[in-house]
Amino acid sequence: MNKNIIIKSIAALTILTSVTGVSTTMVEGIQQTAKAEHNVTKITNTSISPYKGILRVGAATGFVVGKNTILTNRHVVKDVQVGSTVLAHPNGENDTGGYYKVKKVIPYAGSADLAIVEVEEDSVYPKNKKFSENTEILTLASEAKANERVAIVGYPAPYKNKHHMYQSTGTVLSINGDKLVSDAFAEGGNSGSPVFNNKNEVVGVLYSGDQIGHSKKESYSVYLTPEIKKFIADNTEK
């Protein structure tokens, strides 16, 4: 479907909805068509591997890299403090693996947009959940290469999408130092999302994207170099 047609149709139907109170389903249908064009799909079961290792952190995303240890972006933790809560793999507004209190935030000292978040083992809500039992530690890939297929999985536009997890697929365009560029679609809220290879191993951490209103249609991730992997290992709870 032509992108200009999609945009004009959404605008027209939004006006119609505001006047008549109808056509919401039609708007949602067009939005789903747009998602399909970007190779974006909703994850319907977030309690299975590897999705149970992904969390809502602030208004963005993070994922488990060790015992009670989450990796996300440094810019994401600007809104995350000790005592804040993170949500384990929510699947909608009510279905989660538990809320867990943040006990430590460790920004990466280098230039890469990364931070570690440590959380308590026992959930804040509901009371009977354990972080180790309701999440999983994701595997970090040994390397990635250009032209490799990848998937970004996280919580784009979490409020608009009602806290549902989405996956977008694409191809690695380039890797330069600790920067991985792909053509997989990303939106606000995807920051901190794991970038998986076809073995469900993490090759990067999404931090930005030129997707809407840009001709490049690229997304940018921190590539997990040996130095960054050492930072993760050194700051993983033992």
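So which of 181, 153, 195 is more than 18 Å from residue 62 (Cβ to Cβ) and outside any loop (DSSP other than H, G, I, E, B)?
181
Of the residues that make up the range 84-106, is at least one of a type outside the set (D, E, K, R) and under 20 Å from residue 226 (Cα atoms)?
yes
Could you tell me which of the residues 64, 40, 27, 19 is out of contact with any Asp or Glu (no Cβ under 7 Å at 6 or more places or on another chain), at pLDDT 55 or above and among the β-branched types (Val, Ile, Thr)?
From the options 64, 40, 27, 19, the qualifying one is 40.
Could you check residue 160 against (1) over 25 Å from residue 185 (Cα atoms); (2) exposed (fewer than 15 other Cβ atoms within 10 Å of the Cβ) and say which number it fails?
(1)
Can you name the residue in the range 172-187 that is within 16 Å of residue 202 (Cα to Cα) and of a type in the set (D, E, K, R) and is also surrounded by the fewest Cβ atoms within 10 Å (Cβ to Cβ) among such residues?
Here the answer is 179.
From 82, 102, grab the single residue that is more than 21 Å from residue 165 (Cα to Cα), in a strand (DSSP E or B) and not charged (D, E, K, R).
On inspection, the qualifying residue turns out to be 102.
Out of 168, 142, 132, which single residue is at pLDDT 95 or above and part of a helix (DSSP H, G or I)?
132
Please enumerate the residues belonging to the range 79-100 that are closer than 24 Å to residue 45 by Cα and either assigned by TED's automatic domain parsing to the domain that holds residue 221 or loosely packed, with under 15 Cβ neighbours inside 10 Å (or both).
Within the range 79-100, 92, 93, 94, 95 qualify.
Go through (1) at positive phi; (2) in contact with a strand residue (DSSP E or B) (Cβ under 9 Å, 6 or more places away or on another chain); (3) at pLDDT below 95 and name the single condition residue 92 misses.
(2)
Taking the range 113-135 as the search range and keeping residues that are in contact with a helix residue (DSSP H, G or I) (Cβ under 9 Å, 6 or more places away or on another chain) and crowded, with 20+ Cβ neighbours inside 10 Å, which one is nearest to residue 175 (Cα to Cα)?
114
The values are calculated or read from the model by the stated rules, or taken from the named source; none is laboratory data. Keep in mind it's a predicted model, so treat the numbers as computed, not measured. All Cβ positions, glycine included, derive from the backbone under ideal geometry; neighbour counts span all protein chains shown.
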